[in-house]
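Let me begin by presenting the structure, written as structure tokens, before commenting on it.
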Amino acid sequence: MENPSSIVRQYAETSSVTSLWTRINARRGLPFAQQAVHMAKDADYVGDYKLTIFSTKWLTFDNVFWLSFATPIAWILISKRVPK
């Protein structure tokens, strides 16, 4: 007869979120599953983002920083021009 604690441990290992997620990814081949990233040898990358001449100095998501200041300033300037 098996020890009840070993059965509980085995059930917990097979039904954990990680093991379920691994089985789902293996069966369906989801695009966000962990796969090898294919990169060109002659290019520079930041993570999986390929750097170009323009993106080495400024990335598009850097604009969020400036928009967080520009939006309130624009709102103040527009609201000053509205007649009372």
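The values are calculated or read from the model by the stated rules, or taken from the named source; none is laboratory data. Only a predicted model underlies this, so the values are computations on that prediction, with no experimental measurement involved. Every residue, glycine among them, receives a Cβ derived from its backbone with ideal geometry; neighbour counts consider all protein chains shown. Please note that ligands, DNA and RNA were not included when accessible areas were found on the heavy atoms of the full protein model with its side chains. Shrake-Rupley method; radii C 1.70, N 1.55, O 1.52, S 1.80 Å.
Descriptive notes on the structure:
- Tallying residues that are among the hydrophobic types (A, V, I, L, M, F, W, C), open to solvent by 100 Å² or more (accessible area, probe 1.4 Å) and at pLDDT 75 or above within the range 28-57 yields 2.
- Cβ-Cβ under 6 Å pairs, at least 6 apart or on other chains, the range 33-58 side of a type outside the set (D, E, K, R) and in a loop (DSSP other than H, G, I, E, B), far side at pLDDT below 75 and surrounded by fewer than 10 Cβ atoms within 10 Å (Cβ to Cβ): V37/D48
- Taken together, W21, W75 contain a single residue that is within 18 Å of the chain's Cα centre (by Cα), at pLDDT 75 or above, in a helix (DSSP H, G or I) and on the phi < 0 side of the Ramachandran plot, which is W21.
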